[in-house]
Structure formats: C-alpha cells, structure tokens
Amino acid sequence: MSSARKVLIVEDEVKIAELLADYFVQAGYEPQLLHRGGAVVERVKAAPPDLLLLDVMLPEVDGLSLCRELRHFSEQLPIILVTARVEEIDRLLGLELGADDYICKPFSPREVVARAKAVLRRADHRAQPTPESSGYRGLRVDGEAYHAWLDDVELGLTPVEFRLLMSLLQHPGRVHSRNDLMAAVYLDHRIVTDRTVDTHVKNLRRKLEQARAGAGECIESVYGVGYRLD
C-alpha cells in the first residue's frame, strides 16, 4: 500500500488537471482526479484525501458550495481553492469559506505544489497549541481541533482566523505588525496585501462581538503599525 500523501485535484479542464497530477507525482504525492463537482462530497467521505485542490468554477456543483458543505463535516481537511480571477480573492476571504489557501489562474504547477506543501505543513502543526488552553478574557482554544470559545460560546473560526487569534493570544498587549501576523498565519511567507490582513481581523472581531458584546474591541488597531490584543 502506498504511503504517499493523497491530493484530490478537482478541475474540469482535463489538461490542467493532468498536468498538475504529473507535478504532484514528481513531488512524491499520490494525485487523484475529479472533473465535476457533483462527485466530490461522496469521494471525500468515502476516502478522505490529505489535501483537496478545488476549482471554484465546476460543472454540477461549484467549488464555493462544496467548500462550505465539506467544512460542515470536516474542519481539518486542508482545502486550496483555485480561481481564474485575481480580483476574486478578497471576496472569497470575506465569504469565510474556511479554505486554507487560494490560488489564481494562470499559475505555475511548481507554485501549486509548493503551496500545497506549505498547507500540509500547517495542517501537521495544528496540534502545536496546547489543547484546551485557556484563560485570557474568557477565551478557550483547542489546538488539535481548531476550535475556540469565548465564555463557552464557540466562535466558529476559519483556520486562518484561528491562527490569527493564537498569534495575538501568545503575546497580549504586544503590537503585531501586519507582516508579523501574516508570517504567523501563512507559513509559506507569501505576499499578501494590507487589505487581506484587515479582512481577517474584521471577521475575527465580528465573531468575538457576536459571542460577547464589546469583546471585538479587545483587538485594537494601532494606526500605521498593526494590531494588538488589549
């Protein structure tokens, strides 16, 4: 039986899917291919892959709907969304789909493999925070399951929001620059815009606010620098 990690590539453009599969094979992975959205959920439930590479535009069921559905029963499955429009990234972030990464077409297959490796590394390190660690301002986190609660109300964080919260919790009162925060939540050190950072913080604040009125205000903006947990 193969011990290679399995990557499920869901892409309706067959040539692109096969090209990506070739690069993943060369990198030591075991790629599996699907070309329509309707078969994805059944396949993932029957044989969960180690990583899902999911195109946004698919026949039968689109990638956004699939990402939402998959997150209902699998919060740990690493998911990378692929979109043909670079301007769509900020919209996808705002939708809080729970994807671990986003890639825009056209892309280099080598870049896709590198990003997949980075996402898998992050997944492997998810158990690093102490499970059920707690204390600060009524916050409690489970680093293995990527769950967080405020006053026993589950926050429902995406993977990126969870890592952002953990970074802030590690040094309460310290000002974190946007670059520092992105280095903490994106281990592949990719370049993202200030708008991306601000979107994540905005979503995290809103979820804290929904759990307890006024809690979102504990993430303070420091003009021209970044953010801190007050």
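The values are calculated or read from the model by the stated rules, or taken from the named source; none is laboratory data. Being a predicted model, the structure only gives us computed values, none of them experimental. Here Cβ is always computed from backbone atoms with ideal geometry, including for glycine, and neighbour counts include all displayed protein chains.
For this structure, a couple of remarks:
- Scanning segment 34-62 for residues that are out of contact with any Gly (no Cβ under 7 Å at 6 or more places or on another chain) and under 14 Å from Asp100 (Cβ atoms) yields Pro49, Asp50, Leu51, Leu52, Leu53.
- Within segment 54-74, residues that are within 16 Å of Leu157 (Cβ to Cβ) and at pLDDT below 90 reach partners that are assigned to a loop (DSSP other than H, G, I, E, B) and of a type in the set (S, T, N, Q) with beta carbons closer than 9 Å, at six or more positions or on different chains, in the pairs Arg71/Thr158.
- When segment 75-88 is limited to residues that are over 14 Å from the mean Cα position of the chain (by Cα) and modelled with pLDDT of 80 or more, the one that is surrounded by the fewest Cβ atoms within 10 Å (Cβ to Cβ) turns out to be Ala84.
- Segments classed as strands (runs of 3 or more DSSP E), wholly inside segment 1-71, with at least 1 members that are buried (at least 19 other Cβ atoms within 10 Å of the Cβ), touching a helix residue (DSSP H, G or I) at 6+ places or on another chain (Cβ under 8 Å) and of a type in the set (Val, Ile, Thr): 6-10
- Residue in segment 188-198 that is crowded, with 18+ Cβ neighbours inside 10 Å, in contact with a strand residue (DSSP E or B) (Cβ under 6 Å, 6 or more places away or on another chain) and either of a type outside the set (Asp, Glu) or modelled with pLDDT of 85 or more (or both) present: no
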